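Student: This is the structure I want to talk about, given as structure tokens.
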Amino acid sequence: MRNFDSDCIFCKIAKGEISSEIVYQDEFVTAFKDLSPVAPVHILMVPNGHYLDLNDCAESDKELLGYILLVGAKIAKQLGIDQSGYRIIVNDGPDAGQTVFHLHFHLLGGRPLAFKNQ
Ligand code: AMP
Ligand code: ZN
């Protein structure tokens, strides 16, 4: 597993060093409520180890990356949006508007979501 970065806000959340509303945590992944939600359900899922973004991942991380999607499905069920639907998004790099450089997956739901693939 990757190490933590002591300057990274999401590493600090995963380690419990700063407070957040954690909805799920295990040895690989931490999920917590986004500070500025854009939907009734807006959760961020992060690997506990520090990865900058998807470009910073390798073939050897494929299990971890797939696992995060399964955790997303589990959280969607936990929060009661598994049947109404949800979207999982990664913003990677400047054109996607990434602002926090610890890989994170947005889980959005609880309302109809506009098509964003443009
Ligand atoms: P992105 O633009 O994809 O890099 O998303 C970063 C997300 O992190 C934004 O939706 C922020 O609202 C969220 N965020 C930043 N700091 C925190 C924090 N301390 N706790 C929870 N969410 C945060
Ligand atoms: Zn980090």
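The values are calculated or read from the model by the stated rules, or taken from the named source; none is laboratory data. This structure is a prediction, so every number in the text was calculated from the model and none was measured. Areas reflect the complete protein model, heavy atoms only, side chains present, ligands, DNA and RNA absent. Shrake-Rupley method; radii C 1.70, N 1.55, O 1.52, S 1.80 Å.
Student: Hand me the tally of lysine pairs in the chain: alpha carbons under 22 angstrom apart, and the pair either on different chains or 8 or more positions apart.
Tutor: 7
Student: Test of understanding: what is the full-extension gain from S6 to K62, defined as 0.36 nm times their sequence separation minus their Cα-Cα distance?
Tutor: Computed gain between S6 and K62 is 17.7 nm.
Student: Counting only heavy atoms of protein chains, what accessible area per residue, in Å², does the chain have with a probe of 1.4 Å?
Tutor: Heavy-atom accessible area per residue stands at 60 Å².
Student: Would you calculate the convex hull of the Cα atoms in region 1-61 and tell me its volume per residue in Å³?
Tutor: 101 Å³
Student: Here is a follow-up. Over the chain, calculate the relative contact order: mean separation of alpha carbon pairs under 8 Å at least 6 apart, over the residue count, as a percent.
Tutor: It comes to 28 percent, rounded to a whole number.
Student: For region 51-118, state what percent of all Cα-Cα pairs lands in each successive 10 Å bin, counting from 0 Å until the bin that includes the largest distance.
Tutor: Percent of Cα pairs in each bin: 18, 45, 33, 4.
Student: If you fit an axis through the alpha-carbon atoms of helix 62-78 and take the longest principal axis of the Cα set of the chain, what angle between them do you get, 0 to 90°, nearest 10?
Tutor: Taking Cα atoms only, the helix is inclined about 40 degrees.
Student: Using a 1.4 Å probe over the heavy atoms of the protein chains, calculate the carbon and sulfur portion of the accessible area of the chain as a whole percent.
Tutor: Roughly 53 percent of what the probe reaches on the chain is carbon or sulfur.
Student: Further question on the same structure: Divide, for region 9-109, the radius of gyration over alpha carbons by 2.2 N^0.38 Å, where N is the residue count.
Tutor: Output field value: 1.01.
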